[in-house]
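Structure record follows, encoded as structure tokens.
The values are calculated or read from the model by the stated rules, or taken from the named source; none is laboratory data. This one's a predicted model, so the numbers in the text were calculated from it and none came from an experiment. In this analysis, Cβ positions are derived from the backbone assuming ideal geometry, glycine residues included, and neighbour counts consider all displayed protein chains. Each accessible area value is taken on the protein alone, full model and side chains, heavy atoms only, with ligands, DNA and RNA left out. Shrake-Rupley method; radii C 1.70, N 1.55, O 1.52, S 1.80 Å.
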Amino acid sequence: MNTLLAKKIKFSFQKAFKTNPLMIFSPGRINIIGEHTDYNDGFVFPAAINKGIVAAIGKSNSNQSNVLAVDKNEIINFSLSNLKPSTEGSWQNYVLGVVAELQNKSKVIGNFNITFGGDIPGGAGMSSSAALENCVVFGLNELFQLGLSKQEMILISQKAEHNYVGVKCGIMDQYASMFGIKNKALLLDCRTVQSKSYKIDFKDHQLILINTNVKHSLSDSAYNERRSVCDSISEMLNVKALRDATKYDLEAIKDKLTPENYQKALFVIQENNRVIKASNAIEAGNLKLLGELIYASHKGLQHQYKVSCEELDFLVQQAQRNKNVLGARMMGGGFGGCTINLIAKTETESFKTFVSKAYKNKFGKDCSIYSVELSDGTGIIN
Ligand code: GLA
């Protein structure tokens with residue numbers, strides 16, 4: 001966690017509200033493999049990282065609540081009765097949504113103040129939104145002693161996103177951010193919402209992220225559309241979710257599907273299998289196989305599920321041409337954000353230089369490159 005950021009956020013709270021806050025850090029996440037499988041009740045393989053959102057939170061004596069986004073220097077004030085989604089369509093609904101979902105669960109809270117900021121860019125596919133939701137729900141739970149378990153809190157965060165933000169997301173981001181474990185990745189079964197942790201030490205290899213610094217605007221609507229295709233195909237197959245289907249089941253209804261939708265469902269089934277194979281490869285220390293699965297995941301996301309974009313494909317292509325990168329793929333919902341790359345440590349600097357130049361030449365803008373440490377999940381900090 002970024003201690004300078006924490007200091008800055010604490011200071012902003014003290015300055016604005018003249019009291020001492022409770023400080024919360026909630027991490028963003030990476031995902032090694034398993035994309036668009038979470039809302040199909042399938043498997044994912046995320047880990048919390050050492051970057052995320054820091055929030056300062058305290059009770060308010062006034063008749064309204066105030067939330068200040070320090071990085072953007074934007075503030076909202078609202079009354080706890082009559083909450084409704086903000087038309088601003090930015091960070092506001094992550095906060096308002098959590099408050100509304102707490103109220104839906106008949107949890108009684110009083111007015112509060114929050115200041116927050118982060119060190120992951122929004123739209124990078126590293127789940128700054130889940131980190132913010134988790135900060136708010138965790139902070140309010142502490143402040144007003146609501147007695148919620150972490151499992152209950154992540155469901156509230158997820159519902160906030162469904163009902164206030166309008167993205168019908170799965171549970172991966174909120175789970176990873178809340179339950180992350182230092183130096184470990186979590187093989188999460190999104191049906192049972194239980195995970196098994198895997199120590200991540202790739203010895204002479206490491207994971208790096210390359211941010212395209214783009215987020216194409218269709219991403220939210222395309223996300224919901226993909227989800228509804230999956231839901232309707234599982235209904236046709238008479239199963240609860242695509243997690244329960246095999247490619248043979250799918251084959252049997254192939255003539256009732258458009259070729260595009262057939263490929264989408266096939267992708268989900270294959271990607272779900274890749275997650276299990278990848279966890280076995282990690283256990284066996286077989287990084288070559290892990291890398292191949294990661295490349296295969298990208299290929300499916302690009303050609304079958306069709307959630308990639310030119311910038312992401314370009315970065316993966318550059319990685320593929322370099323034998324020191326064992327695997328690379330787009331990460332998160334798609335249409336922009338980051339690629340995740342499994343790369344030899346000794347070759348990282350030269351690849352960074354090469355890929356930065358190539359990206360700039362091709363798109364006339366910079367990509368950003370991050371190395372990440374795997375960290376603990378949401379919690380109180382000093
Ligand atoms: C977004 C969603 C997640 C998940 C990924 C794709 O990050 O919030 O629930 O569906 O996309 O794997």
_Expected 222 nm ellipticity per residue - DSSP helices of 4 or more, -39500 (n - 2.57), all of the chain, to 500_ = -13000 deg cm²/dmol
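I need the per residue convex hull volume for the chain, using only the alpha carbons, in cubic angstrom as a whole number.
On the way: hull volume 52.6 nm³, N = 382.
Looking at the chain, the number lands at 138 Å³ per residue.
Explain nothing, just the number: relative contact order of the range 1-136, from Cα pairs under 8 Å at least 6 residues apart, as a whole percent.
32 percent
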*Run through all the Cα pairs of the range 198-264 and give the fraction in each 10 Å bin from 0, expressed as whole percent.*
16, 32, 19, 27, 5
*Under Karplus coefficients 6.51, -1.76 and 1.60, residue-wise ³J(HN,Hα) of the range 334-348 in Hz, glycine/proline x*: x, 6, x, x, 9, 9, 10, 10, 9, 9, 5, 4, 5, 9, 4
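Considering only protein heavy atoms, what per residue accessible area in square angstrom results for the chain with a 1.4 angstrom probe?
Values: 16310 Å² over 382 residues.
Result: 43 Å² of accessible area for each residue.
By the scheme Lys and Arg +1, Asp and Glu -1, what is the net charge of all other residues having a beta-carbon under 13 Å from that of V98? Kindly include the intermediate steps, with their values, before the conclusion.
Details: positive: K105, K107, K159; negative: E101, E133, E152, E161.
Net charge in that neighbourhood comes out at -1.
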*Relative to the longest principal Cα axis of the chain, at what angle does helix 3-17 sit, 0 to 90 degrees, rounded to 10?*
30 degrees
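Nearest 0.05, what FRET efficiency do K360 and N280 give at R0 = 56 Å with Cβ-Cβ as r? Before the final figure, lay out each step's value.
Values: r = 39 Å, r/R0 = 0.69.
My answer for the efficiency is 0.90.
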*Grab the other residues whose beta carbon is less than 14 angstrom from that of A47, score K and R as +1, D and E as -1, and report the net.*
+2
*How would H298, H303, H216 line up by accessible area, probe 1.4 Å, largest first?*
H303, H216, H298
*Taking the Cα atoms of the range 153-228, report the difference between the largest and smallest coordinate on each principal axis, in whole Å and largest first.*
40, 32, 19
*Which shape class applies to the range 108-162: rounded if a/c is under 1.5, otherwise prolate when a/b exceeds b/c and oblate if not, where a ≥ b ≥ c are the square roots of the Cα gyration tensor eigenvalues?*
oblate
*For q = 0.17 Å⁻¹, what log10 I(q)/I(0) does the range 87-209 give under the Debye formula with an equal point scatterer on each alpha carbon and no solvent?*
-0.91
*asked:* I'd like the carbon and sulfur percentage of the solvent accessible area for the chain, probe radius 1.4 Å, heavy atoms only, ligands and nucleic acids excluded.
replied: 48 percent
*Can you give the net charge of the other residues whose Cβ lies under 14 Å from the Cβ of L374, counting K and R as +1 and D and E as -1?*
+2
*In percent, how large is the relative contact order of the range 293-382, given Cα pairs closer than 8 Å and 6 or more residues apart?*
21 percent
